[in-house]
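Written out below as C-alpha cells is the structure these notes cover.
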Amino acid sequence: MAIINKGRIKQCFSAARGDYDQQAIAQGLIHQHLMGLVAKMDPRPLKRVLEIGCGTGGLTKGLMSHLQAEHWDLNDLCDMQSHLRNQLPHPFQFHCGDAEQLPFPHQYDLIASASVVQWFEDKPGFIQRCKVRLKPRGFLLFSTFTPENLKQVKHLTGVGLTYPTLEMWRNWLQPEFEILTLEQREIVLHFADPLAVLKHLKQTGVTATQQQGWTKGQLQRFCQHYQQHYTNAQQQVELTYTPLYVLARLTSSE
C-alpha cells in the first residue's frame with residue numbers, strides 16, 4: 001500500500017494541472033453525480049459554502065451554478081487561485097494548504113469535496129472536523145473511492161491507496177449525521193493500450209502513489225501483464241474507478 005506523501009501529491013497534481021480537465025473523464029462523471037445529489041438538499045439560500053480540494057474548479061462550477069450562497073470558501077493543496085479567478089462566476093476566498101491542517105475560520109451550511117478525502121491520513125478525523133465546522137443541519141457532500149478502485153493497477157503493481165469500505169464511512173458518520181445518500185458505483189474507462197493508461201494516470205495526478213520510476217524491463221512486464229489480464233472483446237484495455245458518494249446532514253449542534 002502507498003504511503004501518503006503530501007509533498008509528492010502537491011507535486012504530481014501541480015504537474016498535471018494543464019492536462020487535468022481534458023484527461024479527468026471519471027472526475028467529470030463524479031462531479032455530475034454529486035450535482036445530482038445536490039437536488040436532495042433543502043432548496044434554501046446558503047450563507048457560506050466550503051469546498052475542500054477544489055482543484056481546477058470542476059465541481060465548483062456546478063455548485064456555483066446550482067446553489068445560492070453569499071460566501072464561497074475554496075481550498076486546495078496547490079495554489080489554484082489565479083486559475084480559478086478566470087473560471088468561476090462568483091467571488092471566493094481561497095485557502096491554500098493541507099485541509100487536514102488548516103483552521104477554516106467559519107461555520108458552513110455546506111462542506112463539499114470531490115475525490116480528495118482518499119489522500120487524507122485521518123479519514124474519520126475529516127468527518128469530525130466537518131462536524132465542528134458545519135452549522136446545525138448543515139450538509140456534507142463528498143465523493144471518495146472504495147477498496148476496488150484502480151484494481152487493475154493495484155493488482156499488477158501492489159501499489160495503491162488504502163480505501164475505507166462503505167460500512168466504515170457509515171460508522172464514522174453515525175449518529176451525528178443523518179445519511180441521505182451513501183452509495184458506491186463503478187466507472188470503467190477504455191484505452192488503446194497500457195501505456196495510455198499510465199499516461200492517463202500521470203495527467204490526472206494519480207501517480208502520486210508511485211514513489212519511484214520504473215526500469216524499462218518493469219514497464220515492459222507491466223504492459224504485457226496488463227494486456228494479458230485486462231483486454232476486452234474490442235481489444236481495448238480497461239481501467240476501473242469505483243467512486244463512493246456521501247450526502248449527509250448534521251443532526252444536532254453538539
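Every number in this text was worked out from the coordinates using simple rules, so none of it is lab data. Just so you know, these numbers come straight off a predicted model, no measurement behind them. Quick reminder, even Gly has a Cβ in these numbers, built from the backbone with ideal geometry, and neighbours come from all protein chains shown.
On full extension, the segment bounded by Leu180 and Gln87 gains 30.4 nm, given 0.36 nm per residue less the C-alpha separation.
Considering only Leu102, Leu166, Leu140, the mean-square fluctuation computed in a Gaussian network model of the chain, springs between alpha carbons under 10 angstrom, is largest for Leu102.
Per-peptide packing, taken as the mean over residues of other Cβ atoms within 10 Å, places 81-91, 230-240, 54-64 in the sequence 54-64, 230-240, 81-91 from highest down. Only Cα pairs under 8 Å and 6+ residues apart enter the sum, and on that basis the relative contact order of the chain stands at 26 percent. For the chain, the longest principal axis of the alpha carbon atoms and the long axis of helix 6-23 meet at an angle near 80°. Counting only DSSP beta bridges with both residues in the chain, the antiparallel share comes to about 50 percent.
Our summary gives segment 22-91 a relative contact order of 33 percent, counting only alpha carbon pairs under 8 angstrom and 6 or more residues apart. Straightening the chain between Asp42 and Leu29 buys 2.3 nm, computed as 0.36 nm per residue apart minus the Cα-Cα spacing. Within straight-line reach of Lys199, meaning a Cα separation under 12 Å, sit the following aspartates and glutamates at least 8 residues removed in sequence or on another chain: Asp19. Taking a ≥ b ≥ c as the square roots of the eigenvalues of the alpha carbon gyration tensor, segment 21-94 is oblate, as a/c is not under 1.5 and a/b does not beat b/c. Please state the shape class of segment 42-133: rounded when a/c is under 1.5, otherwise prolate if a/b exceeds b/c and oblate if not, all from the C-alpha gyration tensor. Note, shape of segment 42-133 comes out oblate. For the chain, the longest principal axis of the alpha carbon atoms and the long axis of helix 216-229 meet at an angle near 80°. For the set Lys131/Lys151; Lys40/Lys202; Lys123/Lys154; Lys154/Lys202; Lys47/Lys131, the pairs lying more than 23 angstrom apart at their alpha carbons are Lys131/Lys151; Lys40/Lys202.
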